[in-house]
Amino acid sequence: MVSTDDIGQLAVVVLGVLLFAIVGFGLFVAYPDTLADLFGIVFAVVVVLAGLKVTGNVAGSLFAKYNVAEVAVEGPITRDGSGGPLPQSPRATPADDIVEQIDRAAEDDNVDALLLKLNTPGGEVVPSDDIRLAAERFDGPTIAYAQDVCASGGYWIASGCDELWAREGSIVGSIGVIGSRVNASELAEKVGLSYERFAAGEYKDAGTPLKELEDDEREYLQGLIDDYYETFVERVSEGRDLEPEFVRDTEARIYLGEHAHELDLVDELGTRREIEDELEDRLETDEVAVEEFEPERPLMARVGAGAQRVAYAFGAGISGLADGRGFRLRS
């Protein structure tokens, strides 16, 4: 049966397309000026298509059929989705895009609840915390859902949600921080390279791969890791209502969903359908309709993303150069 919302949405789209068609015809066909008629027709078609997209978005907003927003965090978490100097799958999660999607859902009057789908091994610390903060800002029920993997930075994000659900076989946990550096000093010596230091500040070049790590530098870098770890423990302890000592006692282990549930690292075990049933009860509605929120990217950005996938397909197996400092930190 066709609803009044469907009729209203169709009416907005038809009227919008007609308006854009009239404007396009007037600008590019009826009064072509120095442009050839063919180009005028092409431009008119482009205008009509643009009008279709714009009015479709407007109609979709006016007659929305969803009341729950879903935002997916998939792959390694980085600031912009890149993997630094080493080749990385284009499916890495750009934290800024995720934050934008959550904020957009929060501003959407049609959205009453947020479902955050997590399938990530973790990633960079600050980008993970940015996503967590965005989830905390959302005014309404927020449920994190561990799909296959919700580890490290993924669990950091989940600590900002009201609840964490998982499947029995989901991998959950890894509450820890790791830093690493490449020690290439012996290799450099073999090939005739030497490191000559020009730096202001005793620890400015701590972690540089072309020199041996001094004991005090090792202590300094480990201190950074320890500070991040304490922050991680604090976030999980407060967000998940767990004792800090218990969180530390996990020793960054990973758990299957069923075991994680027994340890209260996960609130509920269930499928996506069961989560929707739960949201129906909480929102006191007969039906939950979920809308997947995706990043809003201009045309050139989408073209660039396609080019990135092509480049990755050709170069995924080629190692990049070690980065200048050689010390990488991730949760």
Original post:
List the pairs whose first member sits in segment 191-209 and is acidic (Asp, Glu), whose second member is in a loop (DSSP other than H, G, I, E, B), and whose Cβ atoms are under 8 Å apart, counting only residues at least 6 apart or on separate chains?
Top reply: 205/197; 205/199; 205/211; 205/325
Original post:
Can you tell which of 282, 240 is surrounded by 12 or more Cβ atoms within 10 Å (Cβ to Cβ) and not assigned by TED's automatic domain parsing to the domain that holds residue 170?
Top reply: 240
Original post:
With (1) crowded, with 24+ Cβ neighbours inside 10 Å; (2) closer than 25 Å to residue 274 by Cβ as the list, and residue 128 as the residue in question, which single condition is left unmet?
Top reply: (2)
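When you go through 175, 131 one by one, which is the residue that is among the hydrophobic types (A, V, I, L, M, F, W, C), in a helix (DSSP H, G or I) and touching a residue at least 24 places away in the same chain (Cβ under 8 Å)?
Among 175, 131, only 131 is among the hydrophobic types (A, V, I, L, M, F, W, C), in a helix (DSSP H, G or I) and touching a residue at least 24 places away in the same chain (Cβ under 8 Å).
The values are calculated or read from the model by the stated rules, or taken from the named source; none is laboratory data. What you see is a predicted model, and the numbers here were worked out from it, not measured in a lab. Note that we place each Cβ from the backbone using ideal geometry, even for glycine, and neighbour counts take in every protein chain shown.
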